[in-house]
1. Within segment B:171-197, which residues are out of contact with any strand residue (DSSP E or B) (no Cβ under 7 Å at 6 or more places or on another chain) and of a type in the set (Phe, Trp, Tyr)?
2. Give me the strands (runs of 3 or more DSSP E) completely within segment A:84-140, filtered to those with at least 3 residues that are within 14 Å of chain B (Cβ to nearest Cβ) and farther than 16 Å from A:Phe204 by Cβ, ordered by residue number.
3. With respect to B:Gln359, is the statement that it is surrounded by fewer than 17 Cβ atoms within 10 Å (Cβ to Cβ) and either not assigned by TED's automatic domain parsing to the domain that holds B:Glu176 or not in a loop (DSSP other than H, G, I, E, B) (or both) true?
4. Only one of (1) within 14 Å of chain A (Cβ to nearest Cβ); (2) over 19 Å from A:Gln196 (Cα atoms); (3) crowded, with 20+ Cβ neighbours inside 10 Å is not met by B:Gly414, so which one is it?
5. Sort through B:Glu397, B:Glu387, B:Glu363, B:Glu421 and tell me the only one that's charged (D, E, K, R) and facing chain A (nearest Cβ under 10 Å).
6. How about segment B:371-384: which of its residues are of a type outside the set (Phe, Trp, Tyr) and either at the interface with chain A (Cβ under 9 Å from one of its Cβ atoms) or crowded, with 20+ Cβ neighbours inside 10 Å (or both)?
7. Name the single residue, out of those in segment B:233-275 being free of Cβ contacts under 8 Å to residues at least 60 places away in the same chain and part of a loop (DSSP other than H, G, I, E, B), that is farthest from B:Ile372 (Cα to Cα).
Amino acid sequence: MNIGIDLGSRALKMAVFEGDELVECRMVESGFNPHQQAEELFKSFPPCRIMATGYGRHLAHKNFANGVITEIKAHALGARYFFPEAMTILDVGGQDSKVITLNREGKVVNFQMNDKCAAGTGRFLEIMAASLGFTLAEFGPIALSSGHEAPINSMCTVFAESEVISLKNHGVPAADIARALHLAVVSRLAGMIRRQEANAALVFTGGVARNPAIISLLQEHLGSEVLVPSLPEHAGAIGAALHAQMSST
Amino acid sequence: MQDFEIKPYPELWHELDMDVERFDKARQMLGGAYSKIFLSQNNRPQAMAYFDEMIAEIFGGRIKELVQAKKEGRPVVGTFCVYIPEEIVLAADGICVGLCGGSPGSIPDAEKILPRNICPMVKSAFGFKAGRICPYFQAVDFVYGETTCDAKKKTWEILDRLVPTYVMEIPQMKKERDRALWIEEVKDFKAKIEEISGKTISPEQLAAATKVINGKRRALQRLTKLRAANPAPISGKDALLIEQIAFYDEPVRFAAKVNELCDELEVRVAKSEGAFPKSALRVMVSGTPMALPNWKIHNLVESAGAVIVNEESCIGTRYFKDLIAEGTEDLDQQLAALTDRYMRIDCSCFTPNDERVTQVLKEYKDSAAQGIIHYSLQFCHTYNIEEIKIREACQQEGIPYLSIESDYSPDDVGQLQTRIEAFLEQVEG
């Protein structure tokens, strides 16, 4: 048995493998003591090899994990688990977004991460949803229901929030504002993808890949198909578990 | 870890009209950072003791030497750039010191006056003078600036209000007419130094000074060659520190101490001993200078278990890779040889500057590195744009490559750590 734990900025994810079979995935909020939360996640499993990834990886290594890999490598392995031919991966998590390019053998040859702010990440969408009074689960479908968007110029979370307030007070429908906010994120992500000279189908991982509006707008923007794994938020944990398996043999 | 303290000299600081109370806090913070980042390293060469002492005395011992020199009527010149011909200062029995400009602590002082969206090195330097928190700035007779970028060029005009600032024009191309301009600038520089010192520089004095500075460059070249060994005999952090100290230490003593260190490193190399294990990944850094105490990238890379084996940078090989031809006692020929040497510096302020791309690839091979991290300070447009050519050359050669743009603030350290670790995973394959 091998376990991968992804200690992300907003959520902790765990993937458990018995041999080549993925037997369990769990997710909880990161909370204030992420490594203790993580220990809760796996304590019902027999002792085994644990590989950590994500922001909290070094803390986990200090406390319980056998080793660490970065989110970049973890998502590369996780994406290949779902799509063995994957060459370009977009991962959008709570606090950062990355574009990763692999060679045919699946090795990372190039990657980019967003700047040090929350623009183009899950956190941006979360704050914007709250400012319009939606839950995160409602936010994407609402955006999809609108046919035209209001103009949003700012990608800075703080400035965008004031734009949202101003649009609301001009009577612009919430669905139009929601669509504009999604589009702002998508154009940012598409910019990162284009810099990477991606030509193969894009695999989209991370919690934001659950958002139907982002997927739809991204496909429109790139003019190509976007592949989403069945468990996009667990791709990092799955990659870490697969690495645990590889490095034990 | 041994007890380490940067020694306080409050009386000397008062004499230099410094903000003593504030500066003393900075001194303690720097001492703490130095202990944590440098003294905690394993397998440091014994001869690093001298450089540790240089840091312990950074705000005292060396400053006393500068103050003493001034009392003797010798010129003390502050500089910011590898284009300032220090041989000429030395020939007039003067001292050239690189000034403070590598810390985030002085940036708020600068932002009271300068625009925020300019290079952190320029802001930091200006802030050190504005806040009276750099004893070197307080001790110099004047600052010699140059025209290598717009931020510096225009800041000199404002800095001149706080400390006399003279500017040497560095052309932006390398045609024959640029060389003609340059040699005129070198002659003006010499005239300025002669005016300040009240001495006429003789060919014998210039020959002797050239020999001394060439000696410093040779010692640093020797250190660079030794770093090519695997296991690396010295950490990148320690080597960077030495390259930083090269800008303010007395050149004859400094070269002797670097050579002593190299003697020790030769023994290490012969015995296959290193500061890092042989399996450590080897990384080369290329790009903008890392002024003391900017150890951010080196600290992140080496904390992740890799070793930095070369700095292709102004605080690095660009400072010492070229020597001045010696052997003539004719002043015009000497100044021509000096200008030829300074014209070979491949700063990104030049266009075209393809020799830098060639140099990066050469140093990559010479240092037996396994990957390149390009480092550019925020708002350093010339290095940031030239990065495109370095990246393309690395792609063509199949060299693992990571580009980082950063400033002095610690707020991107978490993100950089992830990027650097992912890069090392990529190098490992």
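The values are calculated or read from the model by the stated rules, or taken from the named source; none is laboratory data. As the structure is a computational prediction, the values presented were derived from the model and not from experiment. Ideal geometry is used to build each Cβ from the backbone, glycine not excepted, and the neighbour counts take in all protein chains shown.
1. Within segment B:171-197, B:Trp182 is the sole residue that qualifies.
2. On the way: elements: A:88-92, A:97-102, A:108-113.
Once the strands (runs of 3 or more DSSP E) in segment A:84-140 are filtered for at least 3 residues that are within 14 Å of chain B (Cβ to nearest Cβ) and farther than 16 Å from A:Phe204 by Cβ, what remains is A:108-113.
3. Criteria not met by B:Gln359.
4. For B:Gly414, the failing item is (3).
5. Values: B:Glu397 fails: facing chain A (nearest Cβ under 10 Å); B:Glu387 fails: facing chain A (nearest Cβ under 10 Å); B:Glu363 fails: facing chain A (nearest Cβ under 10 Å).
Going through B:Glu397, B:Glu387, B:Glu363, B:Glu421 in turn, just one is charged (D, E, K, R) and facing chain A (nearest Cβ under 10 Å): B:Glu421.
6. Across segment B:371-384, the qualifying residues are B:Gly371, B:Ile372, B:Ile373, B:His374, B:Ser376, B:Leu377, B:Cys380.
7. B:Lys271
Results for (1) modelled with pLDDT of 95 or more; (2) in the same structural domain as A:Ile69 (by TED's automatic domain parsing); (3) touching a Gly at 6+ places or on another chain (Cβ under 7 Å), shown as yes or no for each residue.
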{"site": "A:Gly147", "(1), (2), (3)": "no, no, no"}
{"site": "A:Asn153", "(1), (2), (3)": "no, no, no"}
{"site": "A:Gly191", "(1), (2), (3)": "no, no, no"}
{"site": "A:Asn199", "(1), (2), (3)": "no, no, no"}
{"site": "A:Glu220", "(1), (2), (3)": "no, no, no"}
{"site": "A:Ala241", "(1), (2), (3)": "yes, yes, yes"}
{"site": "A:Gln245", "(1), (2), (3)": "no, yes, no"}
{"site": "A:Ser248", "(1), (2), (3)": "no, yes, no"}
